[in-house]
1. Using only the alpha-carbon atoms, how far is helix 96-117 inclined from the longest principal axis of the chain? Give it as 0 to 90 degrees, nearest 10.
2. If you take the charge dipole of the chain about its Cα centre, with +1 on Lys and Arg Cβ and -1 on Asp and Glu Cβ, which of PHE76, ALA118, LEU3 is farthest toward its positive end?
3. Cut-off 10 angstrom, C-alpha nodes, Gaussian network model of the chain. Which of SER83, SER46, SER95 fluctuates the most?
4. In square nanometres and to one decimal, what's the mean projected area of the convex hull around the Cα atoms of the chain?
5. Starting from the 7 Å offset along Cα-to-Cβ, what nm value, one decimal, do you get for the label separation of ARG2 and ASN62?
6. Expected output is a single nm value to one decimal: the length gained when fully extending between THR73 and THR11, i.e. 0.36 nm times separation in residues minus the C-alpha distance. What is it?
7. Please list, or write none, the aspartates and glutamates whose alpha carbon is within less than 14 Å of the alpha carbon of LYS49, excluding same-chain residues fewer than 8 places away.
8. Could you give the length gained on full extension between LYS29 and ASP89, defined as 0.36 nm per residue of separation minus the Cα-Cα distance, in nm?
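What follows is calculated from the coordinates using simple rules that are stated; it is not laboratory data. Model, not experiment: these values are computed from the prediction. Using ideal geometry, Cβ is built from the backbone for each residue, glycine included, and neighbour counts are taken over all protein chains shown.
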Amino acid sequence: MRLLVSILTGTALFAGGLAVWWFYLPVWKVETNVRSQLPDGFATFSGVKYNRATGAGCGYVNVGNRPGLPRGTTHFVLLPDGSLKFDPDERVSGSIVQQLEALRKHADYLALVYARCA
């Protein structure tokens, strides 16, 4: 009976460790890589996913109100080469040319999200 309990316990621990490695380790790597690219390394994450097919990580990051970074919670894409792209926070306002340029940036980001995160 002890042998059976030991085998079942070992199998359960192995399956649990495998699940942690398969599901959480890639997310942890994405969060660590994004955090390393921020000036002070402080950020809170939510909804982080890793797409194994494309090698990209996507999710939401909150870096607060630091200069040069998006304010509050914003979407990000971490590409396989390590480059980090944030959702453009530019308002669609101004002249027609400025509005078209802002819309182009938003459309380019959405195309990147669709290609890498979907």
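1. Helix 96-117 and the main axis of the chain meet at about 10 degrees.
2. LEU3
3. Top of the fluctuation ranking is SER95.
4. Details: hull surface 39.3 nm².
Dividing the Cα hull surface by four gives the mean projection, 9.8 nm².
5. In this crude spin-label approximation the distance works out to 5.1 nm.
6. Contour length minus the Cα-Cα distance gives 18.3 nm.
7. Excluding near neighbours in sequence, the set is GLU31.
8. On the way: separation 60, 0.36 × 60 = 21.60 nm, distance 2.56 nm.
Fully extending the segment from LYS29 to ASP89 adds 19.0 nm.
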